[in-house]
Structure formats: structure tokens, C-alpha cells
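The values are calculated or read from the model by the stated rules, or taken from the named source; none is laboratory data. Note that this is a predicted model, so its numbers are computed, not measured. Reconstructed Cβ throughout: ideal geometry from the backbone, glycine too, with neighbour counts over all protein chains shown. Each accessible area value is taken on the protein alone, full model and side chains, heavy atoms only, with ligands, DNA and RNA left out. Shrake-Rupley method; radii C 1.70, N 1.55, O 1.52, S 1.80 Å.
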Amino acid sequence: MKHIVVLTGAGISAESGLSTFRDKGGLWDDYAIEEVALIHAWTADKEKVLNFYNIRRKEAFNAEPNGAHVALASLEMKANVSIITQNVDSLHERAGSSNVLHLHGRLDRAKSEFNERYNIDIGSDDIRIGDLCPDGHQLRPDIVWFGEEVPNMLPAINLVKSADLFIVIGTSLTVYPAASLLDYVRKNVAIYVIDPSDVHPMYAAHYKQFKQKASAGIDMAIKELENSGFFSTI
Ligand code: OAD
């Protein structure tokens, strides 16, 4: 089976009612990124950071996977599908996708602020000041903040290098290193971009954009792949 690697961003969850970051009215219009999503923000005001992610966690928990998440899960019947997501919701998993790599962490997990090895499932629960790991350190969201390393970059790069098709859905490709994954797509491997706004993958020599919302765009892309015989060729 062909290997399809999909890079998703906030736009794929927009039809589930979750805000994107940089669209008009997006999260970064309402919150100062440097007050909630930087490692320095955590040092400066833990309560503010926890509140921001407690709200995000509840919203994500109450959201349902949409047609785009479901279509990607169903695509596993036709191809090997690896999803690399910048999203911190778990809508891909809840739709049934088997191979999901989170680049920026997960809302439904918490970790110790000092001991990386302590990492637990918290479901939809809030994290509060005073919630401690067994060795006494404050719990923090399992989110990769600006200024922190992205531990899953290496496995993500390896997935992209083995892709027979690379699909980008609902990301402005403005945040690095995630956006640099485009650099690792092999020559002659097609890149599809699904986004209602113009997105210009900086290093991609050729790509095809489906200028649609995620659910309509993925349906169009899959139809095109079926018509071209992509799934039946080795
Ligand atoms: P952005 O908010 O930067 O970009 C969202 C993209 O989704 C834009 O290109 C929109 O045009 C597109 N979009 C909007 N509605 C859509 C829909 N219905 N269907 C498909 N696409 C749609 O979000 P990301 O690129 O995901 O990181 O942001 C990357 C990172 O920046 C996030 O992971 C987060 C943020 O700061 C951290 O907080 C560490």
C-alpha cells in the first residue's frame, strides 16, 4: 500500500468548532501569545497559563471529530496513513486514526514541570496550582511551548521522507520547525494543500492546492487520487 503522510493544523478542527490561531477572530486575537504559549510565560504566571489550557481542554473535550478527521481515518482502508499533527486536541484519535504523531503535545496529558518522565493522562480535568507529581513538582500541560524543543521532530522527518504523497491540511505553515517538514518530501512526490485561504509552502517547488474547507477538500483530494489510479499502483 502507498504511504500517505498528512500534516494537520488548527484548520482541520475548525469545522468541529475549535478556533484556529491566526485567522481573523482566532485565539491569538484574544490572547497574547507571549503570555500563554512561551516557556517564559510559565515562569512568569503559571495560573494564567493553566487557565488558558484548562479552557482549551474543555473545548476540545466537548468538540466532535468532523468529516475531515473521519475521512482520514477511513483512508486507512486504501493506504498506510501517518498523521503528523500540530494540534493538541485528540480529534484524529477519536475519529479512529491509528498513527498520529503530536508535534506540539496533547491537552489530555499533563507532565511534571521538572521531570519529563512523569507524564499522565488527565482526560478533560483541569490542572490547578498545587497539583503535584509524586516527587513534589507542579504539573503543567503536556504542550510544547515556543522556546522548547520539539521532541517528535525526528520521527516526523523520518515519516515524511518515506511518503508517497504528502497532504497538508489547515495550517498556515508559519510555525517552525513543523513547517520545515516540507523540506523532507522526496523529489517527485506530490504535495496537496487543503486550505480555504492561500497557503504557500515555502520550499515546495510544486504543490496542488484544494481551496476548500478541510472536509470538502479531503473528499476532493481522495476522489482525484482514486481517478488517477494512485491507490492501485505499487
Ligand atoms: P493557524 O491558525 O496559524 O492556521 C490555520 C490555517 O487553517 C490557516 O491557513 C487557515 O486558512 C486554515 N483554515 C481555517 N479554517 C479552515 C477549515 N475549515 N478547513 C481547513 N483549513 C482551515 O494554525 P496552525 O498552522 O495550526 O502552536 O498553527 C501552528 C501552531 O501555532 C499551533 O500548533 C500553535 C500555534 O501557536 C503552539 O501553540 C506551540
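List of remarks:
- At least 3 residues being within 15 Å of the ligand (Cβ to nearest atom) and open to solvent by less than 80 Å² (accessible area, probe 1.4 Å) is the threshold, and among the strands (runs of 3 or more DSSP E) wholly inside the stretch 161-234 those reaching it are 165-169, 190-194.
- Single residue of SER232, SER215, SER162 found to be among the polar types (S, T, N, Q) and modelled with pLDDT under 95: SER232
- Selection of the stretch 12-49 for residues being farther than 30 Å from ASP219 by Cα and in a loop (DSSP other than H, G, I, E, B) yields TYR31, ALA32, ALA37, ASP45.
- Matching residues, the stretch 1-12, being aliphatic (A, V, I, L, M) and either within 6 Å of the ligand (Cβ to nearest atom) or within 9 Å of the chain's Cα centre (by Cα) (or both): LEU7, ALA10, ILE12
- Within the stretch 42-66, being within 11 Å of the ligand (Cβ to nearest atom) and either among the charged types (D, E, K, R) or in contact (Cβ under 8 Å) with a residue 40 or more places away in the chain (or both) holds for TYR53, ARG56, ASN66.
- Pairs meeting the criteria (first residue in the stretch 128-157 and of a type in the set (D, E, K, R), second residue within 16 Å of the ligand (Cβ to nearest atom), beta carbons under 6 Å, at least 6 apart or on different chains) are ASP142/GLY105; ASP142/ARG106; ASP142/ARG109; ASP142/LYS111; GLU148/ILE39.
- Qualifying residues in the stretch 13-34 (those that are within 6 Å of the ligand (Cβ to nearest atom) and of a type outside the set (Phe, Trp, Tyr)) - the one farthest from LYS211 (Cα to Cα): GLY26
- Against the list (1) outside any loop (DSSP other than H, G, I, E, B); (2) surrounded by 19 or more Cβ atoms within 10 Å (Cβ to Cβ); (3) touching a strand residue (DSSP E or B) at 6+ places or on another chain (Cβ under 6 Å), the condition VAL88 fails is (1).
- Summed over the stretch 28-56, residues that are crowded, with 19+ Cβ neighbours inside 10 Å and either of a type in the set (Gly, Ala, Ser) or within 16 Å of the chain's Cα centre (by Cα) (or both) total 4.
- Among the residues of the stretch 72-97, those identified as within 16 Å of the ligand (Cβ to nearest atom) and out of contact with any Ser or Thr (no Cβ under 7 Å at 6 or more places or on another chain) are ILE84, VAL88, SER90, ALA95.
- The listed residues are ARG106, ARG117, ARG94, and the only one of them that is open to solvent by 10 Å² or more (accessible area, probe 1.4 Å), more than 30 Å from LEU165 (Cβ to Cβ) and without any contact (Cβ under 8 Å) to a residue 60 or more places away in the chain turns out to be ARG117.
- Of all residues in the stretch 126-160, those being more than 15 Å from LEU101 (Cα to Cα), within 12 Å of the ligand (Cβ to nearest atom) and part of a strand (DSSP E or B) number 2.
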